[in-house]
Amino acid sequence: MRLKRLTLTHFRNLTQADFYPGPGINLLVGENGSGKTSILEAIYLLAMVRSFRSKRLKHLIQHQQSAFTVHGRLGNEQGDDLNIAVQRRLASDEVDVRLRGERPGTLAQLTAELPLQLINSDAFRLLEGGPKERRQFLDWGGFHTNVQFIGLWQRFQRALKQRNSLLRHAKIDALQLDVWDREMAAYGSQLTQLREEYLDSLTPLFSARLQELGLSQSISLSFQRGWDRQMPLYDHLQASRDKDKEQGFTQSGPQRADLKISVEGRAALDVLSRGQQKLVVSALKLAQGELLSRQAGKKCVYLIDDLPAELDSQHRRQFCALLEKQQAQVFISSVEADALADWISENNSPAWFHVKQGQLLPLSH
Ligand SMILES: Nc1ncnc2c1ncn2[C@@H]1O[C@H](COP(=O)(O)OP(=O)(O)OP(=O)(O)O)[C@@H](O)[C@H]1O
Ligand SMILES: [Mg+2]
């Protein structure tokens, strides 16, 4: 699905905004502090029910106001429409979410409707951050391309939590521990298999995008499943019981999985320049969007905050051409219109919007 309409009330500095984005590339231009990132944040909120820059949603309520509301209308090529609304009141600790007018059973239902790719300066945590960032990257793919993924992931997490809580007890019931070892092993092995399969499908697309972005180094992606390669997960959990008891938690398993990104055997982070790292992250995100379209027939929406600051003009042009080819809906923010104008192809007729002091106005170009 793509976003057809976005309505904001008392969201950050945007008092009231009603926005009809185009189906392709949308350019949001405005001065520092005008509200560009806030608009991307509102779109992100619709799918994720969280912000990418504030831990607490109450900070998104406009100062001196008592609540914000973000309302989105999504649609697809078949003409199906779907409404999502997210409201947060100061007076309540809970966020009120509506999908087609009703409270959704799980928030994952929203996330599944609007697969998002966020590219901002934090996106580089994928390379420089810890393994958690890279597991989330892989699991984004699993979640959006395989309906079994979320159930497996939740059951695995539950088993891990139960096992860890038993390991913290002074007297450990070996039989009970065995129950959770078996659960963890069953769900963890399936989860790992899905992660491996996803990465196998992603790798050729990633390499192709990287080449198109002009990066000549050969970059390899390798999956580390989080425990000994030679051992089934159940055997491994049994073998590491004593050590786990000592530490009071499960030290290895799928919860420690990682994705190694390397250039001729060395960590990419130690070899690549900052700009090259940006290209690697861009290629990873483009590959994910393409694979989503191939495997699940869904299009993802790209939110790109301040692109000119992230890439040089030649790479920006190549990157945008690849986004256009994907026919994804894209939101790109920039402080300068000129920095965008010369490299967006007019064939795709991007929609221009001017963000000015919390107001959003379409621009004819
Ligand atoms: N809860 C809030 N209520 C009112 N205004 C807020 C709130 N939170 C942030 N702001 C203000 O909203 C404005 C818009 O911020 P935003 O980050 O969206 O701007 P931007 O256009 O992305 O700027 P930049 O180009 O510098 O990245 C800023 O002036 C910020 O101080
Ligand atoms: Mg900004």
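Computed from the coordinates by the stated procedures, all read-outs in this text should not be read as laboratory data. Keep in mind that this is a model prediction, so the values were computed, not measured. Glycine gets a Cβ as well: all are built from the backbone with ideal geometry, and neighbour counts include every protein chain shown.
Over the chain, what is the relative contact order in percent, taking alpha-carbon pairs closer than 8 angstrom and at least six residues apart? Before the final figure, lay out each step's value.
Values: 623 pairs, mean separation 95.9, N = 365.
Result for the chain is 26 percent.
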Check your understanding: Helix 36-48 versus the longest principal axis of the chain: what angle, 0 to 90°, nearest 10, using Cα atoms?
Key -> 40 degrees
Check your understanding: Do any trypsin sites (Lys or Arg not before Pro) in the stretch 212-278 lie in a DSSP loop with no more than 16 other beta carbon atoms within 10 Å, and if so, which?
Key -> Arg229
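For a quick check: sort Val281, Val271 by the number of other beta carbons within 10 angstrom, fewest at the front. The partial results should precede the final answer.
On the way: Val281 19, Val271 15.
Final ranking by Cβ density, sparse to dense: Val271, Val281.
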Exercise for review: Only loop residues by DSSP count here, and only those with at most 13 other Cβ atoms within 10 Å; note down the GluC sites (Glu not before Pro) in the stretch 78-151 that meet that.
Suggested key: Glu94
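For every other residue with a beta carbon closer than 13 angstrom to the beta carbon of Gln357, add +1 if it is Lys or Arg and -1 if Asp or Glu, then tell me the sum. Could the numbers behind the result be given before it?
Working: positive: Arg12, Lys36, Lys356; negative: Glu31.
Neighbour charge sum, excluding Gln357 itself: +2.
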Point to revise | Net charge contributed by nearby residues that have their C-beta within less than 15 Å of Arg56 (K/R +1, D/E -1) | key: +4
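Could you tell me what percent of the DSSP beta bridges with both partners in the chain are antiparallel, to the nearest 5? Don't jump to the answer; show the numbers that get you there.
Numbers: 41 of 58 bridges.
Of all bridge pairs located within the chain, approximately 70 percent are antiparallel.
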Review point. Hey, fewest Cβ within 10 Å first, where do Leu45, Leu118 land in order?
Key: Leu118, Leu45
Point to revise | Entries in Lys55/Lys325; Lys4/Lys132; Lys58/Lys298; Lys55/Lys356; Lys132/Lys245; Lys55/Lys171 that, when Cα-Cα distance is taken, lie over 28 Å | key: Lys55/Lys325; Lys4/Lys132; Lys58/Lys298; Lys55/Lys171
Revision key, fill the gap. One finds, for Ala174 and Gln230 with R0 = 41 angstrom and r their Cβ-Cβ distance, a FRET efficiency to the nearest 0.05 of 0.95
Revision key, fill the gap. Stretched fully, the stretch from Ser293 through Glu31 gains (0.36 nm per residue minus C-alpha distance, one decimal, in nm) 90.9 nm
Check your understanding: Taking the Cβ of Pro131 as the center, what net charge do the other residues with Cβ under 10 Å away carry, scoring Lys and Arg +1 and Asp and Glu -1?
Key -> +3
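Extension gain Met48-Gln217, at 0.36 nm per residue separation less the Cα-Cα distance, in nm?
On the way: separation 169, 0.36 × 169 = 60.84 nm, distance 3.47 nm.
That pair, Met48 and Gln217, stretches by 57.4 nm at full extension.
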Point to revise | the stretch 123-205: radius of gyration over Cα atoms, expressed as a fraction of 2.2 N^0.38 Å | key: 1.31
Practice item. In whole Å, largest first, what are the principal axis extents of the Cα atoms in the chain? Key: 69, 54, 37
Study note, to complete from the structure: Here the tail fraction of P(r) beyond 25 Å, over all Cα-Cα pairs of the stretch 126-296, rounds in percent to 39 percent
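When a/c is below 1.5 the answer is rounded, else prolate if a/b is larger than b/c, else oblate, so apply that to the stretch 30-102 with a ≥ b ≥ c taken from the square roots of the Cα gyration tensor eigenvalues.
Working: a/c = 2.29, a/b = 1.30, b/c = 1.76.
Verdict is oblate for the stretch 30-102.
Are there any GluC sites (Glu not before Pro) in the stretch 159-268 that are in a DSSP loop and have at most 12 other Cβ atoms within 10 Å? List them by number. Please report the intermediate quantities before stating the final value.
Numbers: sites: Glu183, Glu196, Glu197, Glu212, Glu246, Glu264; in loops: Glu264.
Here the sparse-neighbourhood loop sites are Glu264.
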